[in-house]
Amino acid sequence: MENGHVSMEHGAKIEDLRQHVSRLSKSFLELRYQLSHESAKLLACFPEKEWPMDQAGRVFDMVEDIKINNACQYYLQYLAELQGLVKSTEKLVRLAQRSSKKEDARSLHIENITNAVDASKKCMSYVFGMDELASKVAENGIDLKDTGHTVRQGAKAVATQTRHILSLSIQRCLRESSWPPPLLPSQENADRGDEWKGFEVAGDAVFGELQQLLVLMTSLQIAIKYYAFSNLDQKTSDVRGTTLWIAEEFADPVNAWLMAHFAPKMATCRPEKPEWLFSAALHATKVCIGYMDLFDPCIEAHGIHMYFHMAREFAKSTICGLRKVVRGIFLPLLFDQNDGSYILHYVDEAVKFESNFLALRVDMLLGEEDSDNASHADSMIEVLFDNEEWASAWINAEQEEAEQRIRGLTNDPLGWKPKVYSDGLGTDDVSTEHVASLHEFYPPVIVTNSVEILVDLMSRTKYIHSPEHKLVWCRYVVKAALDTLSHHFKSEITRCEQFEHLIDEIGLPIIGGCLNGLHYLEHLLREPSGVLLETLALSPDIDRFLEKETNTLAILRRKWTNKLVTLAMKFIFTRFVQFQLSLADEDDGDSSVRIIELRNQISALLNELSKHLDQVIFREAWKGIAMTTNDSFVEDIQALQGISAHHVTKLSEHLEILTSAFSSFTRRPESYFKQSAECIRLLSLDRQMIERALQMDSAGDDIQTFLHLQHIAVSDAIKLLSKRA
């Protein structure tokens with residue numbers, strides 16, 4: 001007996017000595033690491049030029065090698081300690097699991113689960129410490145990820161087991177409290193005096209145990225999700241995607257009720273009635289959220305209440321549950337119907353639900369960053385993109401609907417009547433009496449009504465979370481509406497062109513409405529604060545899409561504006577031919593009458609255009625007509641032969657008459673007839689100047705400077721001067 005007793009004492013002493021040696025070894029490693037670190041800092045303070053060149057690099061390499069060696073030794077030491085820690089934690093978890101099944105040992109269970117949580121947290125701290133060491137040495141080409149992988153996975157597994165036991169214990173407390181409260185509207189008593197009091201009925205002991213368990217679960221989550229919770233101030237994607245586990249515990253019974261209430265064979269699960277599902281989910285969330293503030297102290301205990309709010313976390317968890325019902329039950333039934341109207345109705349109701357849910361989030365005072373963000377990864381619109389066939393069927397249905405809505409506007413008898421806009425501010429008066437050129441925007445009713453449809457379509461992007469999916473929506477649905485409207489414009493203008501009605505009283509209201517409408521759409525698609533873009537969730541890809549569509553509209557508008565100017569000038573050109581003949585005959589009276597008639601006809605045409613083209617388009621049109629008139633007048637001058645001084649005088653008078661046709665639209669109409677004026681100035685030179693210029697041309701001298709030519713070529717000037725009689 002004595003020998004046995006002595007051997008036990010020796011064994012105990014040997015174990016104590018082993019532990020002491022282990023502690024000394026660990027202290028030695030720590031001191032060695034600190035010494036190498038301080039040495040590196042000290043060496044860095046000395047300029048390398050004071051060291052021999054062959055020693056400086058070697059010293060730094062040695063220091064770096066020491067750091068890497070120490071990190072590897074620490075990693076292996078942590079691995080050995082973690083292996084033992086995992087085994088001891090597994091024992092604590094088994095104790096907690098056994099005590100959780102004993103109703104008469106609840107205080108003991110709290111003690112056991114607390115020990116298991118503390119041990120699990122310590123395991124996870126080792127795991128993350130090893131990860132950091134592995135990252136440091138990985139920079140030098142050493143891979144430690146596979147070393148101890150099984151042990152690290154064992155640590156994570158035991159932490160997961162601990163969470164599972166905590167979850168079972170929390171659910172037991174919730175069942176004892178009769179959670180959740182009545183979730184159907186018909187079950188809710190409007191009298192707050194008789195509202196659900198499950199936590200009070202269960203008693204302080206159950207409520208206190210529940211709070212303890214919630215605090216433990218949150219501390220375990222912080223340990224397991226270390227990186228997410230250590231970067232709360234940075235608002236990274238990991239943080240935004242983190243939901244508190246304790247909120248999921250409260251939401252699980254609610255989500256289970258929702259899943260059962262809308263199971264496939266239930267009478268409530270009807271694909272044509274998505275509003276039933278959404279209203280039930282929203283009502284259940286509202287009913288339960290009122291009790292969530294009771295558990296905010298469980299969050300405050302960990303100092304993270306600035307970033308997490310129990311009501312918000314619960315709402316996020318119920319949305320995840322609703323998404324499972326929608327994706328797993330409702331949408332498969334919906335798309336089996338193969339009915340586009342059902343799909344569109346679902347989307348309309350989903351948008352209403354997301355809007356109401358957004359309002360609920362704002363009511364919870366959750367911060368400005370949430371107040372205008374209707375989209376989230378679990379939104380009831382985003383879920384449609386989980387299945388390619390669903391997304392395709394929905395996009396096709398929306399595309400057809402958008403095209404039909406736009407085509408429906410083309411049958412409106414008042415469609416080409418203008419709605420007056422001035423500086424972007426509109427009135428509701430449909431008018432035919434206003435002069436279009438007095439207004440910056442003068443779109444027809446068909447366009448303003450189309451804009452309302454586009455606003456509705458673009459606003460849907462706020463409920464789509466993924467930027468890629470937003471772009472898909474714009475490319476196929478918004479573009480379909482724009483293309484349908486553009487196609488209608490093209491067909492109307494082409495029809496007028498075929499019957500030669502573009503510049504008469506039949507065609508001008510139509511082509512004017514088309515051009516004004518295109519200009520208005522261009523403006524809205526480029527104006528950030530306009531009614532279109534302020535409803536659209538923008539992104540770089542969507543910006544590029546809009547730019548492309550806007551350019552397409554602008555090209556179409558400019559093409560038809562130029563065609564309108566060309567047709568107008570064809571009308572004017574025939575008058576120029578008559579004027580040219582009368583000028584060549586030197587019939588002063590006839591030529592003056594014809595130039596006045598020509599001026600009056602141009603003025604009448606411009607006045608007619610001003611009634612139907614808005615300010616910007618009319619400016620482009622009359623400037624085009626002015627430049628074309630100038631070109632025609634120059635061509636007429638150059639076609640004359642044997643120009644006399646009398647001719648020059650008449651030409652000057654005729655030019656003044658022509659420019660007066662544009663005086664109503666600009667203070668300096670002569671600035672658009674610079675070539676014509678320069679031709680007349682050259683023809684007005686005296687004989688000596690003309691002869692000297694011709695001689696200089698023969699000698700190859702600088703005629704441009706001599707004649708002060710600015711608007712016509714030297715060759716044209718010489719030809720013109722040679723015709724001067």
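Please list the radius of gyration and Dmax for the stretch 453-513, considering alpha-carbon atoms only, with Å as the unit.
17.0, 50
Could you order peptides 309-321, 145-157, 453-465 by the average number of other Cβ atoms within 10 Å of their residues, highest first?
Sorting 309-321, 145-157, 453-465 by mean packing, highest first, produces 309-321, 453-465, 145-157.
Given a cut-off of under 8 Å on Cα pairs at least six residues apart, what relative contact order in percent is computed for the stretch 651-725?
In percent, rounded to a whole number, it is 32.
Using Cα centres only, tell me the gap between the stretch 68-143 and the stretch 322-351 in whole Å.
Taking the Cα centre of each part, the stretch 68-143 and the stretch 322-351 sit 45 Å apart.
Where does the charge balance sit around D118 when Lys and Arg score +1, Asp and Glu -1, over other residues with C-beta under 15 Å from its C-beta?
The answer is +2.
Under the 0.36 nm per residue contour assumption, what length would be gained going from the current alpha-carbon distance of H283 and N600 to full extension?
106.8 nm
How far apart, in nm, are two points set 7 Å out from the Cα along the Cα-to-Cβ line at E440 and at S671?
2.1 nm
Compute the Cα gyration tensor for the stretch 81-125, then decide on rounded, prolate or oblate, letting a ≥ b ≥ c be the square roots of its eigenvalues: rounded whenever a/c is under 1.5, prolate when a/b is larger than b/c in the other cases, and oblate in all that remain.
prolate
Can you compute the modelled spin-label distance between S652 and D456, with each label point 7 Å from Cα toward Cβ, in nm?
6.6 nm
Can you give the FRET efficiency to the nearest 0.05 for Q695 and D631, using r as the Cβ-Cβ distance and R₀ = 30 Å?
Given R0 = 30 Å and the Cβ-Cβ separation, E is 0.50.
When the gyration tensor of the stretch 623-679 is built from Cα positions, what are the square roots of 5 times its three eigenvalues, in whole Å, from largest to smallest?
Sorted largest first and rounded, they come to 21, 12, 8 Å.
Compare W416, W394 by solvent-accessible area with a 1.4 Å probe and give them largest first, with all protein chains kept in place.
So the residues, ranked largest to smallest area, are W416, W394.
Order these peptides, 659-667, 622-630, by their mean beta-carbon neighbour count within 10 angstrom, highest first.
Result, highest mean first: 622-630, 659-667.
What residue among Q688, I712, L651 has its Cα farthest toward the positive end of the dipole of the stretch 597-725, where the charges are +1 on Lys, Arg and -1 on Asp, Glu, each on the Cβ?
Checked the options; the winner is L651.
What shape does the stretch 195-290 take by its C-alpha gyration tensor, where a ≥ b ≥ c are the square roots of the eigenvalues and a/c under 1.5 counts as rounded, a/b above b/c as prolate, and the rest as oblate?
oblate
Multiplying the sequence separation of Q153 and K197 by 0.36 nm and subtracting their Cα-Cα distance, what value in nm do you get?
11.6 nm
All other residues with a Cβ under 13 Å from the Cβ of K548 taken together, and with Lys, Arg as +1 and Asp, Glu as -1, what is their net charge?
Overall, the nearby charge balance is -2.
Round to a whole number: what % of the accessible area of the stretch 302-346 belongs to carbon and sulfur, probe 1.4 Å?
Summing carbon and sulfur atoms, their accessible area is 50 percent of the total for the stretch 302-346.
Return the distance in nm (one decimal) between the two label points of a simple spin-label model at Q404 and A359, each offset 7 Å from Cα along Cα→Cβ.
Spacing of the two 7 Å Cα→Cβ label points: 2.9 nm.
Probe radius 1.4 Å, ligands and nucleic acids left out: which of Y520, Y307, Y291 has the largest accessible area, and how do the rest follow?
I get Y307, Y291, Y520, largest accessible area first.
How do the peptides 670-682, 690-702 rank, highest first, by the average count of neighbouring beta carbon atoms within 10 Å per residue?
670-682, 690-702
Would you work out the relative contact order for the stretch 84-167, in percent, from Cα pairs under 8 angstrom that are 6 or more residues apart?
Reported as a whole number, the value is 40 percent.
The values are calculated or read from the model by the stated rules, or taken from the named source; none is laboratory data. Here the structure is a predicted model, which is why all the values come from computation and not from measurement. FYI the Cβ positions are ideal-geometry reconstructions off the backbone, even for glycines, and counts take in every protein chain you see. To get the accessible areas, we keep the full protein, side chains included, count just its heavy atoms, and leave off ligands, DNA and RNA. Shrake-Rupley method; radii C 1.70, N 1.55, O 1.52, S 1.80 Å.
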